[in-house]
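K.L.:
Here it is, the structure in full.
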Amino acid sequence: MKLKVEFDRVGIQEPSIAKAILETGIAANIERAVIDGDEGWTLISVADEETERFIAALSRPGVSIRIQKNAVSHNVTECVDCGLCISICQKKVFSFDEDWKLRVEPERCVLCGRCAEFCPQRALSILK
């Protein structure tokens, strides 16, 4: 499961993710991190069955956590199935189905936003 962990001025000063990993022994994959001075966010994936325990260990002042679901919104009415997003996305969120219609696997998304930025139809958006 993916977790979006946001840090404020207080939370950014502590190694919260490292502490949660050491405390629980849960393997966590940091998929993306955006840190800007006094704040930032990190996208982490952990095994579904370990999510609650990891969230409990990660909960600290200055840290907010939410489960990241459906990161990509695909407007099928606007989409012309051009496939540009397939070539741009490094995480293979997009593919064609057997009928050459765009298929979206939002659970693979790391919130980079390139697909939405380059979609000529503006049929994609990132739900951060």
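The values are calculated or read from the model by the stated rules, or taken from the named source; none is laboratory data. All values derive from a computational prediction rather than experimental measurement. Glycine gets a Cβ as well: all are built from the backbone with ideal geometry, and neighbour counts include every protein chain shown.
K.L.:
Would you check which residues across segment 60-82 are touching a Leu at 6+ places or on another chain (Cβ under 7 Å) and among the small types (Gly, Ala, Ser) and list them?
P.N.:
Correct list: ALA71, SER73.
K.L.:
Taking VAL46, is it β-branched (Val, Ile, Thr), surrounded by 18 or more Cβ atoms within 10 Å (Cβ to Cβ) and in contact with a Cys (Cβ under 8 Å, 6 or more places away or on another chain)?
P.N.:
No; evaluated as a whole, the condition is false for this residue.
K.L.:
A further question on this structure: Do you know which residues across segment 91-109 are over 17 Å from VAL80 (Cβ atoms) and surrounded by fewer than 18 Cβ atoms within 10 Å (Cβ to Cβ)?
P.N.:
Within segment 91-109, LYS91, LYS92, GLU98, GLU105, PRO106, GLU107, ARG108 meet the criteria.
K.L.:
I've got another one for you. Could you list, in sequence order, all residues of segment 1-23 that are without any contact (Cβ under 8 Å) to a residue 40 or more places away in the chain and surrounded by 17 or more Cβ atoms within 10 Å (Cβ to Cβ)?
P.N.:
The answer is ALA20, ILE21.
K.L.:
Looking at segment 57-72, is at least one residue surrounded by fewer than 11 Cβ atoms within 10 Å (Cβ to Cβ) and over 30 Å from SER16 (Cα atoms)?
P.N.:
No, because not a single residue in segment 57-72 is surrounded by fewer than 11 Cβ atoms within 10 Å (Cβ to Cβ) and over 30 Å from SER16 (Cα atoms).
K.L.:
Among the listed residues GLU39, GLU31, GLU50, GLU105, which satisfies the condition of being among the charged types (D, E, K, R) and not assigned by TED's automatic domain parsing to the domain that holds GLU14?
P.N.:
GLU105
K.L.:
Listed residues GLU6, GLU14, GLU50, GLU98; which is touching a strand residue (DSSP E or B) at 6+ places or on another chain (Cβ under 6 Å) and among the acidic types (Asp, Glu)?
P.N.:
GLU6 is the lone residue from the list that is touching a strand residue (DSSP E or B) at 6+ places or on another chain (Cβ under 6 Å) and among the acidic types (Asp, Glu).
K.L.:
Checking the structure you have, find out if any residue of segment 21-42 is modelled with pLDDT of 95 or more and farther than 18 Å from VAL5 by Cβ.
P.N.:
For segment 21-42, residues modelled with pLDDT of 95 or more and farther than 18 Å from VAL5 by Cβ: present.
K.L.:
Turning to a different aspect of this structure: What number of residues within segment 24-56 are acidic (Asp, Glu) and in contact (Cβ under 8 Å) with a residue 24 or more places away in the chain?
P.N.:
5
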